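Visitor: Please find one structure pasted underneath; my questions will follow.
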Amino acid sequence: DTAVSQTPKYLVTQMGNDKSIKCEQNLGHDTMYWYKQDSKKFLKIMFSYNNKELIINETVPNRFSPKSPDKAHLNLHINSLELGDSAVYFCASSHQTSTETQYFGPGTRLLVL
Amino acid sequence: SQQGEEDPQALSIQEGENATMNCSYKTSINNLQWYRQNSGRGLVHLILIRSNEREKHSGRLRVTLDTSKKSSSLLITASRAADTASYFCATARNSGNTPLVFGKGTRLSVIA
């Protein structure tokens, strides 16, 4: 059983489109995250939710909107995709706080053409 | 600003040798964590060392932490080809609502 799963695994789309990435964790964790990993492998936090509440919101364009329907799910919607959005997006979760061990999903490779 | 910086950026060794990676950071921390990322996969947690700990072991992994120098090292002993991956340090600050900050990683290649 996959602890943190993401769909889709690959996403190729045109500039200007809107797309969503879904994430689910079955670990019973309270906190979930979205990270962006660029082509140089630099991993940067985008958002964090604790029990469906937004607690970390780094400097991310408004085109990115996370949604947490329940504490096991954290989805990421991206409007008006740009070339610079091409990256690998990772979902992660931790038991309660961001200081604890984080469990990562397999990543979604987004390519914007 | 980026917290962790790994050194070296890339490391290539023969199977059976030891691999040492270093991480430096800038501010006070609650803990420091090391993660491994195989090519095309997500990050996997390896070990967490708290700010009041100096050394921790897990199998072939040994992590040290020197808070006075704001640095940590990850030693992998008797390396195997399967250890080939990128290794990242991540620092957690004292507030529970601040994000983990990852370094840029060390790419380790273990040649059989």
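Visitor: Taking 8 Å as the Cα distance limit and 6 or more residues as the minimum spacing, I'd like the relative contact order of chain B as a percentage. Let's see the in-between values first.
Guide: Details: 289 pairs, mean separation 43.2, N = 112.
The value is 39 percent.
Visitor: Which order do B:LEU74, A:LEU113 fall in if you start with the one that has the fewest other Cβ atoms within 10 Å?
Guide: Values: B:LEU74 25, A:LEU113 10.
Fewest-to-most ranking of B:LEU74, A:LEU113: A:LEU113, B:LEU74.
Visitor: Magnitude of the Cβ-charge dipole of the stretch A:30-113, K/R +1 and D/E -1, about the Cα centre, nearest 20 debye?
Guide: Values: 9 positive and 8 negative charges, 41 e Å.
It comes to approximately 200 debye.
Visitor: Follow-up. Based on other C-beta atoms within 10 Å, arrange B:ILE49, B:ILE111 from fewest to most.
Guide: Numbers: B:ILE49 19, B:ILE111 11.
Result, fewest neighbours first: B:ILE111, B:ILE49.
Visitor: Ignoring GluC sites (Glu not before Pro) that are buried or in helix or strand per DSSP, and keeping those with at most 14 other beta carbon atoms within 10 Å, what is the longest stretch of chain A between them? Working shown, then result.
Guide: Numbers: sites that count: A:GLU58, A:GLU82.
Here the longest run is A:1-57.
Visitor: Neighbouring Cβ atoms within 10 Å as the yardstick, rank A:MET46, A:MET32 fewest first. Show your work: numbers first, answer last.
Guide: Numbers: A:MET46 19, A:MET32 30.
Result, fewest neighbours first: A:MET46, A:MET32.
Visitor: Give the separation of the Cα centroids, the stretch B:51-109 to the stretch A:55-92, in Å.
Guide: 27 Å
Visitor: Counting only Cα, what are the radius of gyration and maximum Cα-Cα distance Dmax of the stretch A:66-113, in Å?
Guide: So, for the stretch A:66-113, Rg and Dmax equal 12.9, 38 Å respectively.
Visitor: For a quick check of your reading of the filter: which trypsin sites (Lys or Arg not before Pro) in the stretch B:1-77 sit in a DSSP loop and have no more than 16 other Cβ atoms within 10 Å?
Guide: On the way: sites: B:LYS26, B:ARG36, B:ARG41, B:ARG50, B:ARG54, B:LYS56, B:ARG60, B:ARG62, B:LYS69, B:LYS70; in loops: B:LYS26, B:ARG41, B:ARG54, B:ARG60, B:LYS69, B:LYS70.
Of the trypsin sites (Lys or Arg not before Pro), the ones in loops of the stretch B:1-77 whose Cβ has at most 16 other Cβ atoms within 10 Å are B:LYS26, B:ARG41, B:ARG54, B:ARG60, B:LYS69.
Visitor: Give the residue list of GluC sites (Glu not before Pro) in the stretch B:1-106 that are DSSP loop and have at most 16 other beta-carbon atoms within 10 angstrom.
Guide: Values: sites: B:GLU5, B:GLU6, B:GLU15, B:GLU17, B:GLU53, B:GLU55; in loops: B:GLU15, B:GLU17, B:GLU53.
Sparse-neighbourhood loop GluC sites (Glu not before Pro): B:GLU15, B:GLU17, B:GLU53.
Visitor: Determine the relative contact order of chain A: mean sequence separation of Cα pairs under 8 Å and six or more apart, normalised by residue count, in whole percent.
Guide: Values: 286 pairs, mean separation 42.0, N = 113.
So the answer I get is 37 percent.
Visitor: Return the single residue from A:THR101, A:THR13, A:THR31 with maximal mean-square fluctuation; model: Gaussian network over chain A, springs between Cα atoms under 10 Å.
Guide: A:THR101
Computed from the coordinates by the stated procedures, all read-outs in this text should not be read as laboratory data. Computed from a prediction, not measured in an experiment: that's the story for all the values here. Please note: Cβ atoms are built from the backbone with ideal geometry, for glycine as well, and neighbour counts cover all protein chains shown.
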